[in-house]
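Q: What follows is a structure written as structure tokens; I'll ask about it next.
Where a number appears in this text, it was derived from the coordinates with a stated rule and is not lab data. Owing to the predicted nature of the structure, the values given are computational and were not obtained by experimental measurement. Cβ coordinates were reconstructed from backbone atoms using ideal geometry, including for glycine residues, and neighbour counts include every protein chain displayed.
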Amino acid sequence: MKRPPGNLTYIGARMVDSKRQRIILLGSGPALASATRDNTSFVLDSPAGSLLIDCGGGPFHKLLRTGVDPACLKGVLLTHAHPDHIYGLPSLVHELWLFGRREPFHIYSNGHTQQVATALLDTFQLWNTPVPLELHLLPDEEKFLVLENELYLVHTSPVKHLVPTVAVRVTSRGSGRAAVFSADTGPCRELVSLASGADLLFQECAEEEPHQFHCAPQQVGEMAAEAGVAEVILVHCHPNLLKEPYLTISEIRKQYHGSVRFGEDFDVYEL
Ligand SMILES: [Zn+2]
Ligand SMILES: [Zn+2]
């Protein structure tokens with residue numbers, strides 16, 4: 001058999017890049033889900049260990065559905081403690097236990113989110129299962145290095161929302177590509193700085209008119225232009241903006257001249 005070039009290896013009949021990393025949208029909707037859009041969450045799928053970003057409903061099922069091995073999941077990074085971003089956590093820990101996991105499961109969050117996550121896990125008595133849970137506190141610090149390994153780096157910065165919230169930047173060591181998730185936030189310098197020069201900006205757009213703690217299309221355009229990102233993928237959008245996608249995109253494009261599109265549940269992006 002001819003050897004494949006570079007990082008490519010044969011697994012069964014499939015040729016797989018052993019360093020291939022993907023971001024999969026497990027949900028693309030706002031706090032009020034729809035028939036086609038669940039609450040926004042992601043998984044970073046990497047041979048160095050996968051990482052969930054936020055934890056909406058049925059995370060275990062969604063990992064299986066997208067072909068991500070739950071055994072390779074290192075942990076979850078929770079951006080903030082609103083229900084649409086955190087309510088799947090007890091279910092995930094419970095299913096990892098039933099799945100036979102005995103490896104530590106890491107939970108990264110700021111202090112407020114950690115309190116809520118702890119209370120949720122207390123309620124369901126999930127501390128004394130065979131799954132060791134390890135909590136990691138994200139300080140109120142810009143571009144904080146959350147974790148790094150041979151294939152990727154993860155940084156967070158506090159952003160401007162109704163409760164303490166972090167935005168997330170994932171950088172691939174191999175390709176050098178970077179993806180940022182705004183989390184829920186109004187326009188802020190911290191997000192522009194974290195997203196600076198990113199290839200992908202997964203940006204919330206939960207309001208129709210300019211807002212302090214969420215973003216409207218005009219504000220998305222201003223921030224994306226200032227940050228100089230290559231592509232904006234809209235997630236967590238107000239339902240009315242989804243009804244008029246061309247109007248929404250043209251509003252953003254008044255300020256920002258890169259690529260803009262709406263994310264869809266189960267979209268896959270190469271990192
Ligand atoms: Zn939200
Ligand atoms: Zn929120």
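Q: With 10 angstrom as the radius, rank Arg261, Arg20 by how many other C-beta atoms surround their C-beta, starting from the fewest. If you can, show how the numbers build up before the last one.
A: Values: Arg261 12, Arg20 17.
In order of increasing Cβ crowding within 10 Å: Arg261, Arg20.
Q: List every residue whose amide H lies under 5 Å from the amide H of Asp267, counting only residues 5 or more places away in sequence or on a different chain, with H placed 1.01 Å from N in the peptide plane.
A: Leu25
Q: By counting other Cβ atoms within 10 Å of each Cβ, how are Val268, Val235, Val163 ranked from fewest to most?
A: Details: Val268 11, Val235 28, Val163 14.
Ascending number of Cβ neighbours within 10 Å: Val268, Val163, Val235.
Q: While we're looking at this one, here's another question. Peptides 176-186, 239-249: what's the order by average Cβ count within 10 Å, highest mean first? Provide the component values of the computation, followed by the final result.
A: Values: 176-186: 24.3, 239-249: 14.7.
Top of the packing list down: 176-186, 239-249.
Q: Continuing with the same structure: Given +1 on the Cβ of Lys and Arg, -1 on the Cβ of Asp and Glu, and no further charges, what dipole in debye does segment 12-128 carry about its Cα centre, rounded to the nearest 20? Can you show the working numbers first?
A: Numbers: 10 positive and 9 negative charges, 79 e Å.
Magnitude of the dipole: close to 380 debye.
Q: Hey, what do the phi angles of segment 207-215 turn into as Karplus ³J(HN,Hα) couplings, whole Hz, using 6.51/-1.76/1.60 and θ = phi - 60°, x for Gly and Pro?
A: 10, 8, 10, x, 9, 7, 10, 9, 10
Q: While we're on this one: Name the shape class, rounded, prolate or oblate, that the alpha-carbon gyration tensor gives for segment 115-154, where a ≥ b ≥ c are the square roots of its eigenvalues, rounded holds for a/c under 1.5, and otherwise prolate holds if a/b is larger than b/c and oblate otherwise.
A: On the way: a/c = 4.53, a/b = 1.73, b/c = 2.61.
Taking the square roots of the gyration eigenvalues as a ≥ b ≥ c, segment 115-154 is oblate.
Q: Using the count of nearby Cβ atoms within 10 Å as a rough guide to exposure, how do Thr113, Thr36 rank from fewest to most?
A: Values: Thr113 25, Thr36 10.
Sorted ascending by nearby Cβ count, the order is Thr36, Thr113.
Q: A follow-up question, please. If you add up the charges near Pro217, with Lys and Arg at +1 and Asp and Glu at -1, over every other residue whose beta carbon is less than 14 angstrom from its beta carbon, what do you get?
A: Its environment carries a net charge of -3.
Q: Put a dot 7 Å past each Cα toward the Cβ at Val268 and Lys254; how far apart are the dots in nm?
A: Reported label-point gap for Lys254 and Val268 is 3.8 nm.
Q: Sticking with this structure for a sec: Figure the gain on full extension for Ala71 and His94 (residue separation times 0.36 nm, minus the Cα-Cα span) and round it to one decimal in nm. Spell out each step's value before the answer.
A: Numbers: separation 23, 0.36 × 23 = 8.28 nm, distance 1.37 nm.
The Ala71-His94 span can extend by a further 6.9 nm.
Q: May I pose another question? Distance from the Cα centre of segment 173-233 to that of segment 134-164, in angstrom?
A: Computed from Cα coordinates, the inter-centre distance equals 16 Å.
Q: Among rounded, prolate and oblate, which fits segment 26-174 when a ≥ b ≥ c are the square roots of the eigenvalues of its C-alpha gyration tensor, a/c under 1.5 means rounded, and a/b larger than b/c means prolate?
A: Values: a/c = 1.17, a/b = 1.08, b/c = 1.08.
Rounded, since a/c falls under 1.5.
Q: For the chain, build the charge dipole from Cβ charges (+1 Lys, Arg; -1 Asp, Glu) around the Cα centre, then report which of Val68, Ala178, Pro158 sits farthest towards its positive end.
A: Of the listed residues, the answer is Val68.
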